[in-house]
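Asks: Have a look at the structure that comes next, please.
The numbers here are math on the coordinates, done by the rules we state, and not lab data. No experiment lies behind these values; they were computed from the predicted model shown. Here the Cβ positions follow ideal geometry from the backbone for every residue, glycine too, while neighbour counts run over all protein chains shown.
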Amino acid sequence: MNKELSVCGCVCSDCEYLKKSECSGCFKIKGKVWWASYISATVCPIYACVIDKKKINHCGRCPEIPCQLWRDLKDPNYTDEQHEESMRNRIENFKKAE
């Protein structure tokens, strides 16, 4: 797989915010994603968990995937079914990247 993945398994090159140059990818911006302010944070909680707390490269290396943090950080525009599918897809992205 030749696509850059974020710490949570999103494909950065598929992201509309990267395409609009509103984001450079979570590694480049050190987790300071545009939407963090909506949850009263300065850094994505998943980025902070993976990089700062657990000191691993991405969630695909964590035995707890998908964790409660993943479940709690549901895009409000997604239905529960879409959120579950998104989590499954991100886990698959990690598997394909290995």
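Asks: Residues in the stretch 1-29 that are within 20 Å of Leu69 (Cβ to Cβ) and loosely packed, with under 14 Cβ neighbours inside 10 Å: how many?
Replies: Residues in the stretch 1-29 being within 20 Å of Leu69 (Cβ to Cβ) and loosely packed, with under 14 Cβ neighbours inside 10 Å: 0 in total.
Asks: Then there is this: Output the residues belonging to the stretch 20-35 that are touching a helix residue (DSSP H, G or I) at 6+ places or on another chain (Cβ under 8 Å) and either closer than 19 Å to Lys74 by Cβ or not acidic (Asp, Glu) (or both).
Replies: Of everything in the stretch 20-35, those that are touching a helix residue (DSSP H, G or I) at 6+ places or on another chain (Cβ under 8 Å) and either closer than 19 Å to Lys74 by Cβ or not acidic (Asp, Glu) (or both) turn out to be Cys23, Ser24, Gly25, Cys26, Lys30, Gly31, Val33, Trp34.
Asks: I would also like to ask the following. Does the stretch 68-82 hold any residues that are in a helix (DSSP H, G or I) and closer than 20 Å to Cys49 by Cα, and which are they?
Replies: Going residue by residue through the stretch 68-82, those that are in a helix (DSSP H, G or I) are 68-72, 80-82.
Gln68, Leu69, Trp70, Arg71, Asp72, listed by residue number.
Asks: Just to be sure I understand the filter: pairs with C-beta atoms under 8 Å, separated by 6 or more residues or on different chains, first member in the stretch 21-36 and at positive phi, second member surrounded by 12 or more Cβ atoms within 10 Å (Cβ to Cβ) and polar (S, T, N, Q). Which pairs pass?
Replies: Qualifying pairs under 8 Å: Gly25/Ser6.
Asks: Which residues, taken from the stretch 70-81, are surrounded by 12 or more Cβ atoms within 10 Å (Cβ to Cβ) and either in contact (Cβ under 8 Å) with a residue 40 or more places away in the chain or not basic (Lys, Arg) (or both)?
Replies: Correct list: Trp70, Leu73, Tyr78.
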